[in-house]
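Before any comments, here is the structure.
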Amino acid sequence: MAFITEHERYGQFLRSVHQWGATFMIVFLLLHMLRVFVTGAYRAYRWGAWIAGACLLGLTLGMGFTGYSLVYEQISYWAITVTSNIITSVPLVGGMLKHLFLAGDEINTATLSRLYALHVQILPAGIACLGIIHLFFVRLLGMYMPGNQKDRDEEKNITAREGVYHFFPDHALSEIAVFLYLVLAICLLSLLFPAKMGSPADPLITPEHIKPEWYFYPFFRLLKLVPGTAGVIIMGLIAVAFVLWPILDQYVFQKVDKVFKGRMEVSLLVGFLVILVYLWWAVVEAIG
Amino acid sequence: MGEKENLVSRRSFLAWLSAGAFSLMSGFAAFIGLGFLYPVKRQKPPALFVCLESEVPLVGEALEIRDLKGRKVFLMRKADGELITIGTVCSHLGCTVFYRPKKKRFECPCHDGVFDGEGNPVSGPPSRPLERYPTEVREGKVFVHFA
Ligand code: FES
């Protein structure tokens, strides 16, 4: 990594693009999920797409984690340590999973190869498969149309007046335009804020101020607030609730809605609360 | 003859007896054999000479030594004069804790865990104390049993 960053021609630029690209990917994923959530696009049996999508988000975060672990800086080393101990708290098989993850009982030379295999083979393969499933579900039930019947009729009128919006060239052209802007933005950011090498990993000392990447801040906060393994267990429950959200919504929240006679939407309430706490904790960690 | 029919024949009695003995013995062997799946735990790891007792600082301060893996470990004196050796691996999720002599406590940089001067959790996420290694003084020399 140090060679790419500090010696190779254009190496640092390449690494920066890689890093900023990853950041963008996570930002856009979060925005996409936010849109799906706010418009309720996961409802009406669009479970499959949401569940596949939620797993995709998980895998992407896994890519992010293995990515910054492979740089093997201090933050990488201690992130791997903490993560491996989180894995240990999985009931029954925790110890075995940790061994599998680290390729030993402690971080060793084989650990990096293992993370590398995850980063370039296993996780991307998972993302590709789930991505296909995600798209398959979208095609199966059709795109979600926000709004009520009136909006949809309106939409039909526009289509009637101005013709169908074709995938090619209409959609493809706008996609290309967005793509070019994004490439430009990533290049600019990479030139202005290039990736650097942090202090190299030291197994003997945890630095006094250590934080994971920004997208893990809320989880990091949670670990600080909840004592012992309870924090890890709550994290697991949140992940499960997140993946199964549409099912929760249909069988729990919408039932509760009925009690309030449709005067409020519990799922929206819960969701916004979660988002607020997420943002709040992220901000607290960012400035703290 | 009529009475004998109800009795177990000598042959089948012996067959049952040997089958029973066989299963009992194999069960016993399996029980002991499975025990080998788990490595033998030694009662107390061997002692290692670390320093002279006179080198251990006064109460509230800590002497930094290294364990067998090269990790930092603190040798300290309790108020009653007893020596204790405390590991620096945080009991929460494994980061390395710092000793703050002024506050007489250990602090973990990862999730703000705090331990008192004897390694017991005070605040933050850790719920278990820091690891303690059995320490003894023999003829003015300090020995620590590192696991
Ligand atoms: S690892 Fe020490 S507080 Fe979490």
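The values are calculated or read from the model by the stated rules, or taken from the named source; none is laboratory data. Just so we're clear, the structure is a prediction, and the values are computed from it rather than from any experiment. Here Cβ is always computed from backbone atoms with ideal geometry, including for glycine, and neighbour counts include all displayed protein chains. Keep in mind that these areas ignore ligands, DNA and RNA; they rest on the heavy atoms of the full protein, side chains included. Shrake-Rupley method; radii C 1.70, N 1.55, O 1.52, S 1.80 Å.
Looking only at residues of segment A:188-224 that are part of a loop (DSSP other than H, G, I, E, B) and open to solvent by less than 30 Å² (accessible area, probe 1.4 Å), we find that the one that is farthest from the other protein chains (Cβ to nearest Cβ) is A:Ala195.
Residue under question is A:Phe168, and the condition is that it be loosely packed, with under 14 Cβ neighbours inside 10 Å, in a helix (DSSP H, G or I) and at pLDDT 90 or above; does it hold? Considered against the rule, which asks whether it is loosely packed, with under 14 Cβ neighbours inside 10 Å, in a helix (DSSP H, G or I) and at pLDDT 90 or above, A:Phe168 comes out as no. Taken over segment A:133-150, the criterion of being out of contact with any Leu (no Cβ under 7 Å at 6 or more places or on another chain), surrounded by 11 or more Cβ atoms within 10 Å (Cβ to Cβ) and modelled with pLDDT of 75 or more is satisfied by A:Ile133, A:Leu135, A:Phe136, A:Phe137, A:Val138, A:Leu140, A:Leu141.
Any residue in segment A:225-232 that is part of a helix (DSSP H, G or I) and of a type in the set (Gly, Ala, Ser)? Steps first, answer last, please.
If we filter segment A:225-232 for residues that are part of a helix (DSSP H, G or I), which is where we start, we get A:225, A:230-232.
Among the residues that remain, those that are also of a type in the set (Gly, Ala, Ser) are: A:230-231.
Looking for residues that are part of a helix (DSSP H, G or I) and of a type in the set (Gly, Ala, Ser), one finds at least one in segment A:225-232, hence yes.
For first residues located in segment A:148-162 and closer than 19 Å to A:Ala44 by Cα, partners that are surrounded by 11 or more Cβ atoms within 10 Å (Cβ to Cβ) and lie 6+ apart or on another chain with Cβ distances below 6 Å form the pairs A:Arg152/A:Met145. Looking across segment A:88-102, just one residue is of a type outside the set (Phe, Trp, Tyr), at pLDDT 90 or above and open to solvent by less than 40 Å² (accessible area, probe 1.4 Å), and that is A:Leu102.
When B:Thr96, B:Thr135 are checked against the criterion of being more than 16 Å from the ligand (Cβ to nearest atom) and open to solvent by less than 70 Å² (accessible area, probe 1.4 Å), B:Thr135 stands alone in meeting it. Figure legend. Inter-residue proximity from segment B:80-94: first residues in the same structural domain as B:Cys108 (by TED's automatic domain parsing) and at negative phi, second residues more than 16 Å from the ligand (Cβ to nearest atom) and polar (S, T, N, Q), beta-carbon distance below 9 Å, spacing 6+ or different chains. Indicated pairs: B:Glu82/B:Thr135; B:Leu83/B:Thr135; B:Ile84/B:Thr135; B:Thr85/B:Thr135. Contact map, segment A:180-195: first residue within 13 Å of A:Gln19 (Cβ to Cβ), second residue open to solvent by less than 60 Å² (accessible area, probe 1.4 Å) and basic (Lys, Arg), Cβ cut-off under 8 Å, separation 6 or more or different chains; pairs are A:Pro194/A:Arg15; A:Ala195/A:Arg15. Just one residue in the set B:Ala79, B:Ala62 is more than 9 Å from chain A (Cβ to nearest Cβ) and surrounded by 16 or more Cβ atoms within 10 Å (Cβ to Cβ); that residue is B:Ala62.
Tell me whether segment B:75-89 contains one or more residues that are among the hydrophobic types (A, V, I, L, M, F, W, C), within 16 Å of the ligand (Cβ to nearest atom) and closer than 24 Å to A:Val82 by Cβ. Break it down stepwise before answering.
Going through segment B:75-89, the residues among the hydrophobic types (A, V, I, L, M, F, W, C) turn out to be B:75-76, B:79, B:83-84, B:86, B:89.
Among the residues that remain, those that are also within 16 Å of the ligand (Cβ to nearest atom) are: B:86, B:89.
Within this subset, residues satisfying the condition of being closer than 24 Å to A:Val82 by Cβ are B:86, B:89.
Within segment B:75-89 (the criterion being among the hydrophobic types (A, V, I, L, M, F, W, C), within 16 Å of the ligand (Cβ to nearest atom) and closer than 24 Å to A:Val82 by Cβ), the answer is yes, since at least one residue qualifies.
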